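Following this message is one structure expressed as structure tokens.
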Amino acid sequence: MSIGLIGRKVGMTQVFQADGTMVAVSVLAVEPNTVTRLRTSERDGYIAVQLGIEDSARLSKPEAGQLKGLPKDAPRPATIREFRVDSVDDYELGQQLSVADVFAAGDLVDVSGVSKGKGFAGHIKRHHFHRGPKTHGSDHHREPGSIGPGTTPGRVYKGMRMAGHMGDQRTTTKKVTVVGADAERNLLLVKGSLPGARNALILVKKA
């Protein structure tokens, strides 16, 4: 278990490597994360580091309670997430973690986010089912077909792949490669596509 960072998805672009090959990358804006709380096994039952981003002047009482103990000059983040770690000895309240402190080019990372919502989708779009024949007389172009036997068991099995709400789920893309980490602009370039729309909240941690 290792520390990660909170960021937001900017979009996609392409970069050229030293050998001239072009790589498609996702661009993540990872502002310095503030250590807002340290979880210990003696007090909390588990070991974790709580990080926050996006300083806010207006916080609810429960949100402000999570930030109790921060130095007065430290920012008051509005977005907070926790990362399980093996030890909290290397961290202190109010500490700032930048993208260059945690990641470097060549690292393998796991990226978590909420996938794009696609609304209510049919079984062909949602589960890649085949359509029926379009020949004369067919009335089974995009129908789902049989969804189960009749008398036994006399019901539809739980988990049957059918039409329904598509996307808008927490998704993790594992072991993707870090192409570059720009400390000056607080940007992280990760190879390939990642879950989420533009400006979506993203969690990045080492694989």
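For the range 75-90, what does the Karplus curve 6.51 cos²θ - 1.76 cosθ + 1.60, with θ = phi - 60°, yield as ³J(HN,Hα) per residue in whole Hz, taken in order and with x for Gly and Pro?
Here the 3J(HN,Hα) series is x, 9, x, 9, 10, 10, 9, 10, 10, 5, 9, 7, 7, 10, 5, 8 Hz.
In whole Hz and in residue order, list the ³J(HN,Hα) couplings for the range 142-148 that follow from phi through the Karplus curve 6.51 cos²θ - 1.76 cosθ + 1.60, θ = phi - 60°; x for Gly and Pro.
10, 7, x, x, 5, 10, x
If you plug each phi of the range 181-188 into the Karplus form 6.51 cos²θ - 1.76 cosθ + 1.60 with θ = phi - 60°, what whole-Hz ³J(HN,Hα) values come out, in order, with x for Gly and Pro?
10, 9, 6, 5, 9, 6, 10, 10
Sorted by average packing, counted as other Cβ atoms within 10 angstrom per residue and highest first, what order do 39-48, 23-32 take? Display every interim value, and only then the final one.
Details: 39-48: 11.9, 23-32: 20.0.
Taking the mean over residues of other Cβ atoms within 10 Å, the ranking is 23-32, 39-48.
Continuing with this model, one more query. Past 18 Å, Cα to Cα, is the threshold; run 118/205; 9/191; 118/174; 9/174 against it and keep the listed order.
Details: 118/205 27 Å; 9/191 13 Å; 118/174 22 Å; 9/174 16 Å.
Flagged as over cut-off: 118/205; 118/174.
Excluding residues fewer than 8 places away in the same chain, name every one of the aspartates and glutamates whose C-alpha is closer than 18 Å to that of residue 116.
Within the straight-line cut-off, residue 116 pairs with 168.
Right, here's the next one. Taking the Cβ of each residue in 130, 123 as the centre, tally the other Cβ atoms inside 10 Å and list the residues starting with the fewest. The partial results should precede the final answer.
Values: 130 7, 123 20.
Fewest-to-most Cβ neighbours within 10 Å comes out as 130, 123.
What value, in deg cm²/dmol to 500, does the helix sum -39500 (n - 2.57) over DSSP H runs of n ≥ 4 give at 222 nm once divided by the residues of the chain? If you can, show how the numbers build up before the last one.
Details: 3 runs with 15 residues, N = 207.
Roughly -1500 deg cm²/dmol at 222 nm, from the helical runs in the chain.
Where a number appears in this text, it was derived from the coordinates with a stated rule and is not lab data. It should be emphasised that the depicted structure is a prediction, and the values quoted were computed from it without experimental measurement. Neighbour counts are summed over all protein chains in view; Cβ atoms, including those assigned to glycine, are modelled from backbone coordinates with ideal geometry.
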